[in-house]
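See structure below.
The values are calculated or read from the model by the stated rules, or taken from the named source; none is laboratory data. Everything numeric in this text was worked out from a predicted model, so none of it was measured. Note that we place each Cβ from the backbone using ideal geometry, even for glycine, and neighbour counts take in every protein chain shown. Areas reflect the complete protein model, heavy atoms only, side chains present, ligands, DNA and RNA absent. Shrake-Rupley method; radii C 1.70, N 1.55, O 1.52, S 1.80 Å.
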Amino acid sequence: MVKGIINQTEDKMKKTLDVFRREMASVKAGRASAAMLEKISVDYYGTPTPINQVANISVPEPRVLLIQPWDRSSLAGIEKAIQKSDLGINPNSDGNSIRLVVPQLTEDRRREIVKQLHKKAEEERVAIRHERRGALEQFKILKKDAKISEDEEKRAESEVQKLTDRYIKEIDHVLELKEKEVLEV
């Protein structure tokens, strides 16, 4: 019972970390990355579809993304979706493919991105602490209902705290790597 709660808590923490990693990958840091386009959907025959499902995305140069749609009729839709997005990059189309040139970041923009990264990291730390709180409440209920002893409750709380510390440390590590990438480009 206790082990199940701990495993469930760890799974939720792992998912939180995975979401954070994906979001960090989508942040542009002056380098082109296919992850930048993950949140952009194209109207493909009336259905919102992620760009990576209607086109091949490659990085021929460090600051250039090349989007080659499998169906040329979707080119205009992809272009429109990129323009509407918060990407802030104008697509260049040659009739067969779209090139996105990622602009060089200014120092102010880098600082702004780092602030956003820290804010997002704090949101994820709070989510992990929330999972810890939920597990601790479940342990208290089990102890109150005399299903576990006080020693078992303390051991379980300690184990959940170790998980919390480990996942928060991992979030800090991912943040540190991304921050370094943004500031050094």
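For the residues Ala32, Ala146, Ala55, a GNM of the chain with alpha-carbon springs under 10 Å puts the largest fluctuation on Ala146. Shown in residue order for the range 99-106 are the 3J(HN,Hα) couplings computed by the Karplus curve 6.51 cos²θ - 1.76 cosθ + 1.60 at θ = phi - 60°: 10, 10, 9, 6, x, 5, 7, 7 Hz (x for Gly and Pro). The phi torsions of the range 33-43, fed into the Karplus equation with coefficients 6.51, -1.76 and 1.60 and a -60° offset, translate into couplings of 8, 4, 5, 4, 9, 4, 8, 8, 10, 10, 6 Hz, rounded to whole numbers, with Gly and Pro shown as x.
Counting only protein heavy atoms and a 1.4 Å probe, the chain has 60 square angstrom of accessible area per residue.
Treating only the Cβ atoms of Lys and Arg (+1) and Asp and Glu (-1) as charged, compute the dipole magnitude of the chain about its Cα centre; round to the nearest 20 debye. Please list the in-between numbers first.
Numbers: 35 positive and 33 negative charges, 29 e Å.
For the chain, the charge dipole is close to 140 debye.
Just to verify a number: FRET efficiency for Arg99 and Lys15, C-beta to C-beta distance, R0 = 35 Å, to 0.05? Kindly include the intermediate steps, with their values, before the conclusion.
Working: r = 35 Å, r/R0 = 1.00.
Efficiency at R0 = 35 Å is approximately 0.50.
Summarising the amide proton neighbourhood of Ile148: residues at separation of 5 or more, or on other chains, whose placed amide H is nearer than 5 Å comprise Lys143.
Each of Tyr167, Leu136, Leu177 was placed along the dipole of the range 133-185 (beta-carbon charges, centred on the mean Cα), and the one lying farthest toward the positive end is Leu136. Where (i) 0.97; (ii) 1.29; (iii) 1.37 are the candidate values, the label of the one calculated here for Cα Rg over 2.2 N^0.38 Å is (iii). Placing a label point 7 Å from the Cα of Glu123 along the Cα-to-Cβ direction, the residues of the range 79-104 whose backbone N falls under 20 Å of that point are 85-88.
The residue among Ala55, Thr9, Ala76 whose Cα reaches farthest toward the positive pole of the charge dipole of the chain, with charges on the beta-carbon of Lys, Arg, Asp and Glu, is Thr9. For the range 1-108, lysine pairs separated by 8 or more sequence positions, or belonging to different chains, with Cα-Cα distances below 22 Å total 10.
Around the amide H of Tyr44, modelled in the peptide plane, lie the amide H atoms of Thr49, all under 5 Å away and 5 or more residues distant in sequence or on another chain.
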